[in-house]
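Reviewing the structure listed below.
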Amino acid sequence: MPLSGLNSEQKVAATAPSGYNLIIASAGTGKTSTIVGRIAYLLKQGVPAEKILLLTFTNKASGEMIQRLKQYFPSSSVDKIEAGTFHAVSYRWLKERLPNSTLKQPSELKTLFRSIYEKRDLKRLGYGSEAFSATYLYELYGLYQNATLESFDKWFLERYPEHESLIDIYMDICQEYEASKEEYGFLSFNDLLLKVKERLENREKIPFEEVLVDEYQDTNTLQGAFIDSLKAKSLFCVGDYDQSIYAFNGANIENIATFTERYPNSKVFTLKTNYRSGSAILSLANRVIERNERIYPKELIVGRDGISYSPKLLIYKELFEQYQAIASLISKSKIDYKDIAIIFRNNASADGIEASLRERRIPCRRKGGTSFFDTKEVKFLLDFCTLLINPRDMMASIHIFEYSKGIGTALAKDIFQCLIHFGEGNFHRGLLNPTITTLPKLNPNKNTQLGLFDDDIEIGSVSRFSHIDMEEEIRSHPILKHPRITQDGVRFFINFYRLYKSIQRFQRPSSILKKIISSKLYQEIVESLSNQRSRLKSGEIDQHRKMESKDRILRKARLLNDLATPYQDLHRFVNAMILGGGEMSEGEGVNLLTVHASKGLEFKEVYVIDLMDGRFPNRKLMERTGSLEEERRLFYVAVTRARDYLYLSMAKYDRVKKIDFKPSPFLQEANMIYK
């Protein structure tokens, strides 16, 4: 049984009486085994599996715990446990209650937000560069939803009082954004939690006897309120305040710090035996992190046998010399590349080290950069599939038409609304068999005070496209009357129309993707993207780089098609990609990781690089949203990824920027360097 493999401190926590229990699980102390042990204990005590809720921060984490339990309990029972991320669990609960809603990725909703923002002519109102950009305002709005339960204007003006003159416009943009999501049935990831929370507060119940929360220190205010709304009689929250490193993303360390105050008669258990790292590495980690305020008393102790190797400090004269030297050390290492990690505070550090590794033909994979599912070539394919599933999905349509020359976000939204209008509410009919041939009135509610200045749409002459080769059914299509659509836009529409029409007879996701990938529309997008990525500063196209870029684009398209092969239903495939896309990766080799991306992982050999004051800790980020305590927690997370070998590295000078560096204060706190 899982309980038999636990040490005494883990077992005491796992068998705690029902109630409000907080488990402080320091790095490498076996928090996953303790959670699995707790669920096993609940099942043995007769708690029905369907009365257990397990909340994690990745579906992979919950999946691994469920698989462990299946070694000891029947799958038919374990599969009844409600397990997954906050968002995945909420999505499963809501999909029966809100059947006409569609979950959208943040990048898609950002496009919707931008289309609404662009309707306000802030320059004409006299604000110009003083106003926040659409992207920045969207990100602030998302941060607000995670960070507080108070009103947006109050939260916003406390941080940006100099924008008081703009707050009415900002509020109006956000209100129209919410109204548009409601109209089209779009749900953001935040909406999943907000809507479940709202329903639970209105006396709808989710009947769980115990709720278990992994990585509790990473919960934000919204997630904390979500947990409270469940009104569980028993909580089992596992986390480590020393690994709370997501303040920039809304994580609220107060959730774990005030647990005993918010939950009367709660109990705190501490896991302190580390089975991951050698004693010298743990000693270094303790020396640094103990300088932070101790919310709950604890200290890591060694739980593994064997030789303990002392951490080494590597000092180099110049920044790029540091990267080349580390690549050289790795080339001589006898450890498998996949068990080596290079960890950095800033993504800017990754380029130099990646180039140095590639130069020595050392394979590496970089995590923490652009996700595979966020690349334009993959997003287009998923957007097209989404539009096939739900022809009323405005965001998918906007994304697709934005690839055309001369069509921006606002015009792409116009095109979608026109097609809906032509089909009397049906996009499919409006595209292929329009029953209305007059253009709609697209902005009936002008408000100059709020910056809405769009002119009423006027009919354009279709004869301006007479020289373009197209079928008569396309030539007579009313969308060609739109005055702002250009020749490039019409050519794009022709290719879109032909592909959309030809794909109707296909059902299997892999067959649909093959058809899209081989289409003229996608070929033109590949051409455009490869040109963008191979353009030199002179404006010329590097043909060799273009060929390589095309190959990478098509390789990603083929990979998505491979992912689609097991699926019979397009809807299930697209939803799986949206919910699980961020956790999928490809490639092998040395791991290049930001500190945030390294969390939860461990490696035999670890290099923490660019340990210079200003880079790590990052002083610029500290001024905006961080603190030295948060940076110290980042350092603690980085060094405790190492099992056996830990290298701390710094450079004295950057010859490109002509900057002299001073050692990171964390090196002094670790007694690796002295003033």
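Listed by chain and number, the lysines placed with their C-alpha closer than 26 angstrom to that of LYS652 are LYS312, LYS317, LYS332, LYS620, LYS662, LYS675; residues fewer than eight positions away on the same chain are left out. Heavy atoms of the protein chains alone define the surface here; on that basis region 394-446 has 38 Å² accessible area per residue at 1.4 Å probe size.
Loop-located chymotrypsin sites (Phe, Trp or Tyr not before Pro) in region 488-538 (DSSP state not H, G, I, E or B) with no more than 16 neighbouring Cβ atoms inside 10 Å: PHE506. Applying both filters, DSSP loop and at most 11 other Cβ atoms within 10 Å, to the trypsin sites (Lys or Arg not before Pro) of region 184-223 gives ARG203, LYS205. The modelled label-to-label distance between ARG294 and GLN543, using points 7 Å beyond Cα along the C-beta direction, is 6.9 nm. Rolling a 1.4 Å probe across the protein heavy atoms gives region 16-112 an accessible surface of 39 Å² per residue. A straight Cα-to-Cα reach below 16 Å connects LYS233 with the lysines LYS51, LYS205, LYS267, residues fewer than 8 places away in its own chain not being considered. Partner lysines whose Cα lies under 26 Å from the Cα of LYS550, excluding those fewer than 8 positions away in the same chain, are identified as LYS367, LYS376, LYS379, LYS405, LYS514, LYS515, LYS520, LYS537.
Quick one: divide the alpha-carbon radius of gyration of region 1-108 by 2.2 N^0.38 Å and tell me what you get.
Details: Rg = 15.6 Å, N = 108, 2.2 N^0.38 = 13.0 Å.
With N residues counted in region 1-108, Rg over 2.2 N^0.38 Å equals 1.20.
Based on the reciprocal of the average 1/r between different C-alpha atoms, the Kirkwood radius for region 26-168 equals 19.2 Å. Solvent-accessible surface of region 455-558, taken per residue with a 1.4 Å probe and all protein chains present: 57 Å².
A simple packing score, the average count of other Cβ atoms within 10 Å per residue, orders the peptides 339-349, 247-257 as 339-349, 247-257, with the highest score first.
A Förster radius of 35 Å combined with the Cβ-Cβ distance from THR375 to GLU471 puts the calculated FRET efficiency at roughly 0.60.
Would you please give the FRET efficiency between LYS312 and ARG365, computed as 1/(1 + (r/R0)^6) with r the Cβ-Cβ distance and R0 = 30 Å, to the nearest 0.05? For R0 = 30 Å, the calculated efficiency reads 0.75. Projection of the Cα convex hull of the chain, averaged over all directions and equal to a quarter of that hull's surface, yields 33.2 nm². Could you tell me what percent of the accessible area of the chain is made up of carbon and sulfur, with a 1.4 Å probe and every protein chain present? Of all accessible area on the chain, carbon and sulfur atoms account for 48 percent. Compute the distance from the alpha-carbon center of region 314-337 to that of region 407-429, in whole Å. Using only Cα atoms, the two centres lie 55 Å from each other. When the chymotrypsin sites (Phe, Trp or Tyr not before Pro) in region 255-293 are filtered for DSSP coil states and for at most 16 other beta-carbon atoms within 10 Å of their beta-carbon, the remaining sites are TYR275.
With a 10 Å radius around each residue's Cβ, average the other Cβ atoms per peptide and rank 146-156, 464-474, highest first. Walk me through the numbers before you get to the answer.
Details: 146-156: 15.5, 464-474: 12.5.
The packing order, highest mean first, is 146-156, 464-474.
Averaging 1/r over each pair of different alpha-carbon atoms in region 478-546 and inverting the result gives 14.2 Å, the Kirkwood hydrodynamic radius.
The values are calculated or read from the model by the stated rules, or taken from the named source; none is laboratory data. Everything numeric in this text was worked out from a predicted model, so none of it was measured. Neighbour counts are summed over all protein chains in view; Cβ atoms, including those assigned to glycine, are modelled from backbone coordinates with ideal geometry. For the accessible areas, the whole protein counts, side chains as well, though only heavy atoms, and no ligand, DNA or RNA atoms are used. Shrake-Rupley method; radii C 1.70, N 1.55, O 1.52, S 1.80 Å.
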